[in-house]
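The values are calculated or read from the model by the stated rules, or taken from the named source; none is laboratory data. If you're wondering where the values come from, they're calculated on a predicted model, not measured in any experiment. All Cβ positions, even for glycine, are placed from backbone atoms using ideal geometry, and neighbour counts span all protein chains on display.
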Protein chains: 2
Amino acid sequence: MTSGDGTRKSQPTIYDVARLAGVAPSTVSRAFARPGRVNADTAQRIREAAAQLGYRANPVARALSTSRTRMIALMISDVTNPYYSELIRGAQLAASQEEYTVLLTDARESDVVERESLERVLPVVEGIVIGSSRMSDSTLRVIAKQTPMIVLNRHLAGIPSVVTDNPRGVRRAVEHLGELGHEHITYVAGPEASWADGMRWRALREAGHELHLHTRRVGPVAPTLQGGRDARALLRPHLPTAVICYNDLVAIGLMRTLTAEGVRIPDDVSVVGFDNILPAELVSPGLTTVASPLRTLGSTAVGNLLAIIRGALHTTDKPFVLPTRLVVRESTGRTARR
Amino acid sequence: MTSGDGTRKSQPTIYDVARLAGVAPSTVSRAFARPGRVNADTAQRIREAAAQLGYRANPVARALSTSRTRMIALMISDVTNPYYSELIRGAQLAASQEEYTVLLTDARESDVVERESLERVLPVVEGIVIGSSRMSDSTLRVIAKQTPMIVLNRHLAGIPSVVTDNPRGVRRAVEHLGELGHEHITYVAGPEASWADGMRWRALREAGHELHLHTRRVGPVAPTLQGGRDARALLRPHLPTAVICYNDLVAIGLMRTLTAEGVRIPDDVSVVGFDNILPAELVSPGLTTVASPLRTLGSTAVGNLLAIIRGALHTTDKPFVLPTRLVVRESTGRTARR
DNA sequence: GTGAAAGCGCTAACAA
DNA sequence: TTGTTAGCGCTTTCAC
C-alpha cells in the first residue's frame, strides 16, 4: 500500500523473519516473547534474521491479539497551564520506564472536548489517570468500571487516588503568616467543583482556629491569571493584610493587579499560592507558595496505575498522600498595618 | 479476559451488531465507513442495533486492517518548557478537528530518550511533526522516507517545514532598539545546532548593518533560564546597553541575574527575547520580545501534515512562513549611558 | 522444543 | 445493495 508522496516500503513481518531463519512464524513470536522456551541457537538464528531484515514487531497487530496496547491516557484540563508541565513530565518518566506510551488528552477547559477526546482514547489505552476532570464522580465511576483508573487530587470512594498533603501545607503557611504578625487571613477560593479547594479552605479554617487567627473566604474565582485579577474586587473595601489563593496562577494574577494599583507586596499585603509552578519563582516579588511535588505526583500516579494494570489488587481505599512543603519567597512579610 | 480488579465486560463487536440487525458483518462495517453505499433503512437498523448494544468500533482492529491509526506524533525536546505549551495546544486543536490523536514524545533533552520514544511511537503513527530534535539532518531524512513528516523552525531540503519569520521580527526589534538610541547590540546565542539561532544572528547582523548599529555575538548558552544566568559572565567587562537573547527563557534568566546585581533594566541595559512565552509577560519588568504565533505554529504543522497524509503532494519545497511581531514591554528603554 | 492452525475485530475485494 | 471470503501481523492453544 502506498500513501502520500511515493511508496513506503512495507516493514518486514514475522513471516519474513521466519522464512529467513528457517523456522515457523510461531517460533519467531516465541523467541521474542519467551526467549526461555526456545533453543539457544534457534533463538540466535532468529535474532540474526530479524536484525538483518530490520524487523520491528508491529505493535498494532500485537495489541489486537493481546489487547494490550502499552498505552495509558493522562487526562488534564489544560496543557497550557504550567501546573501540568511537570506533572506530564513525571508521568512520561514513569511510563517510559515500563515501555508504555502516554496519550495526553487535553480537555481545553471544555467538557465536550473532554468527552470526545476521552471517547477517542479510551478504547486504545490500558488505563487512565485523571489529572483533572469536569466529570462528575458518578461518570468517573462508570469509566473506572471499564478500565483501570487513578485520580489525582480528588477523592472517590473505591477508586485509587494520589493527593498532596494539603492540610500540612496549609498549616505551615498559616504558621508562617502568624509568625509574621498577621491576624486575619483571607482565602481566595477556586472552582467549587475542585476537591483541592475544599480541602484547602477547610484546612485553613482549622489551622486558623488552632492558631487563633481569623479566616475568611471569598470567591470562587477561575483558577487562572484572570481569576486572580477578578479576585481583586472581592477584597474590597478593606484589603486584608494576608491572602492565600487557591493556586499560584490566581495569586500571580492578584499580585499583578495589586501592584499595578500601587499596593506594595508584601508590605501592604502578603500573598501565598499553591503548587509552586515555574512562574511563581519568576515573578517579582517571588511568590511564597505551598509546593506540590508535581513531578512525583505524575510518576506516582502512573506507577500505581501500571501496577494495577499488571494485576495488583489495590487493597487500600486510602488515597496515596504526597508531602507538600512551604516555599517562602518575597511575597510574604511582616505587615506594616494594624 | 479479566484484568485488575474484577471482570471487564468485553465490548460488543461488529458481529454482535450484525446479528442483532440481521445483516452481514461487512454491511455493518460499510454502514459506518460509507453510509452512502447502504440502504437507508438497513443503515437505520444497524445504527439502532449499535446504539442498543453500545457498540464502539475497535480502533486497534481497524488500524490493523487499514494501517491507519488516526494518530500522529509530535516530537519535542522538553514538555517542561513553556514554549511548547501553546504549540501543543495548537497541534491538538488541529488534530482533533480531523479526529486524530496526537502522541507527544518528549525527549527530555536527551538523545537516547528521543530515539527510544521515537522508535516506540513511529510504528503506530501515520505521520510526525518534529517540534524540535537533536537528530541530524540525515537521520531525519531517513525517517522522513518512512513516514510523512513536517519540521518546525528548521530547514531540510525536500522536507516540508513551518517556520516563523525571524528576519522580519529581528528587524523590528533592531529598529525598536535603534529608536531608543542604542548603538550597540549584543546577541546572546543559543544552541549552535539550532537553525533558528543561525537565522536570528544572521538577521541581526544584517539589520544592524543596514541601520548602522554595531552588533556582536556571545555564547552559545543553553536555551534555558540557567543559560541566561550563564550569559551574565559573557557580558563582561563592559555591560552592553542592549542585548537580544536567543529566547525568552535566556532573556529572563539574564534579567534576573542582572537585577540581583543591582543593574537596572531598562535604564542600564535593555533586554529583548524571542517567542513570547507566558512568563515573558509575568516577569518584572515585562519582557520585550519577538513573538511567535506558537499556537498557529502547532496547528499549521499538524494541518499540513494531515494534508500530506491524505495524499497532498506538497509541491513547494519552500518553508511555510508564519509572521512574527514585536511585543514591546518594559525591558527595553532609552539608555542612560553613553 | 517446534510446527500447524485458529483467531483477535475489522476492512476490502469479489461475487451474487 | 448485500453477503462471502480472505486477509491485516501477531499470539496462543494444541499437537507432535
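Observations on the structure shown:
- Considering the conditions (1) under 27 Å from residue B:329 (Cα atoms); (2) β-branched (Val, Ile, Thr); (3) part of a helix (DSSP H, G or I), residue B:186 is excluded by exactly one of them, (3).
- Test result for residue A:71, among the hydrophobic types (A, V, I, L, M, F, W, C) and closer than 30 Å to residue A:248 by Cβ: no
Okay, residues lined up against (1) more than 8 Å from chain A (Cβ to nearest Cβ); (2) touching a Ser or Thr at 6+ places or on another chain (Cβ under 9 Å):
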position	(1), (2)
B:50	yes, no
B:56	no, no
B:91	yes, yes
B:103	no, yes
B:109	yes, yes
B:117	no, yes
B:132	yes, yes
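- Of everything listed in (1) under 23 Å from residue B:291 (Cβ atoms); (2) surrounded by fewer than 22 Cβ atoms within 10 Å (Cβ to Cβ); (3) in contact (Cβ under 8 Å) with a residue 24 or more places away in the chain, the single unmet condition for residue B:255 is (2).
- Failed item, numbered, when residue B:96 is tested on (1) under 31 Å from the mean Cα position of the chain (by Cα); (2) near DNA strand D (Cβ under 9 Å from one of its atoms): (2)
- Among the residues listed as A:286, A:298, A:311, A:253, the single one being within 14 Å of chain B (Cβ to nearest Cβ) and in contact with a Cys (Cβ under 9 Å, 6 or more places away or on another chain): A:253
- Filtered residue count, segment B:266-283, keeping only those that are in contact with a strand residue (DSSP E or B) (Cβ under 6 Å, 6 or more places away or on another chain) and in contact (Cβ under 8 Å) with a residue 60 or more places away in the chain: 4
- The residue that is surrounded by the most Cβ atoms within 10 Å (Cβ to Cβ), among those in segment A:314-338 that are closer than 24 Å to residue B:252 by Cα and more than 12 Å from chain B (Cβ to nearest Cβ), is A:332.
- Qualifying positions in segment B:30-59 - under 26 Å from residue A:61 (Cβ atoms) and within 8 Å of DNA strand D (Cβ to nearest atom): B:30, B:31
- Residue in segment A:263-271 that is within 30 Å of residue A:72 (Cβ to Cβ) and assigned by TED's automatic domain parsing to the domain that holds residue A:190 present: no
- Any hit, segment A:209-227, residues being within 14 Å of chain B (Cβ to nearest Cβ) and among the basic types (Lys, Arg): no
- One residue stands out among those in segment A:158-181 that are more than 14 Å from chain B (Cβ to nearest Cβ) and part of a loop (DSSP other than H, G, I, E, B): the one that is surrounded by the most Cβ atoms within 10 Å (Cβ to Cβ), which is A:165.
- Candidate set: segment A:8-34, residues that are within 25 Å of residue B:142 (Cα to Cα) and within 11 Å of DNA strand C (Cβ to nearest atom); chosen: the one nearest to the other protein chains (Cβ to nearest Cβ): A:14
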